[in-house]
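To start, the structure under review is shown below, and the notes come after it.
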Amino acid sequence: MTSIPRRAALMAATCLALAAPALAQAQEAPLPRITVTGEGEVAAAPDMATVSLGITAENAEAGAAMDEASRVAESLLARLDELGIAAADRQSSDISLRPVWSNGEDGTARGITGYEAGNMLTVRVRDLDRIGEVLGAVLDGGANQLSGLSFGLQEPKPVMQDARRAAVADAMDKARVLAEAAGVTLGPVISIAEAGGGFAPAPMMEMARGAKVPVAAGETVVSTQVTMVFELGGAPE
């Protein structure tokens, strides 16, 4: 009859024998990998413009300065109504009131000589053929501040998708070249991560004609980056 200690030893040996292949597999080194970053860039003609415009007014009295700025701002909104700019495409972006100081020259102390009020609007123009007309109209309506003009896309998603495809293709091409140069085969994709993207204006191309304010729309460039990790195999057969 087998003793209990001997039976326990046999069971332990059997468990070790069964676990040995799994342990050896767990201790195998992971396959080598390569990480590359691809870039994608797509240029598209913009179909929307965003402009920041407004009015500043000075007066010895703070209330009078603010009233004047508000009056002109209301006139600008009326002009935008006449031009068919939707209410959803215009927004007050800044309302300000600040003192105007004297220089304090000739030994006199600096002091407040008046007030400057400001009222700024951000306006989206969805018909680029009319951007010059819009700018001319608001200037005629009393705007004396134009602080920014940018172009963009009303539906940027399709262009961004094309940029992503281009970035992935660029990353895969880089990985193939590097694997070939290293004398190994390129394995499957382990992970893909988008590193960032954005919009940027390209050099201006064509001036709008027949408008009071000439404007060049040019192109909008959509770009993104992807980081991809691939497994590497052995030398090709």
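Odds and ends about this structure:
- A Stokes-Einstein calculation at 20 °C with viscosity 1.002 mPa s, built on the Kirkwood radius of segment 133-184 over Cα pairs, returns a diffusion coefficient of 138 µm²/s.
- Values of log10 I(q)/I(0) for segment 29-186 across q = 0.09, 0.13 Å⁻¹ run -0.55, -0.75, by the Debye formula with one identical scatterer at each alpha carbon and no solvent.
- Taking the square roots of 5 times each eigenvalue of the Cα gyration tensor of segment 29-88, largest first, gives ellipsoid semi-axes of 52, 20, 10 Å.
- Per-peptide packing, taken as the mean over residues of other Cβ atoms within 10 Å, places 167-180, 47-60 in the sequence 47-60, 167-180 from highest down.
- Among 89-102, 153-166, the peptide with the highest mean count of other Cβ atoms within 10 Å heads the list, and the full ranking is 153-166, 89-102.
- Computed over the Cα atoms of segment 87-141, pair by distinct pair, the Kirkwood hydrodynamic radius stands at 14.4 angstrom.
Only the coordinates and a few stated rules stand behind these numbers; no lab work does. This is a predicted model, so every value here is computed, not measured. Note that we place each Cβ from the backbone using ideal geometry, even for glycine, and neighbour counts take in every protein chain shown.
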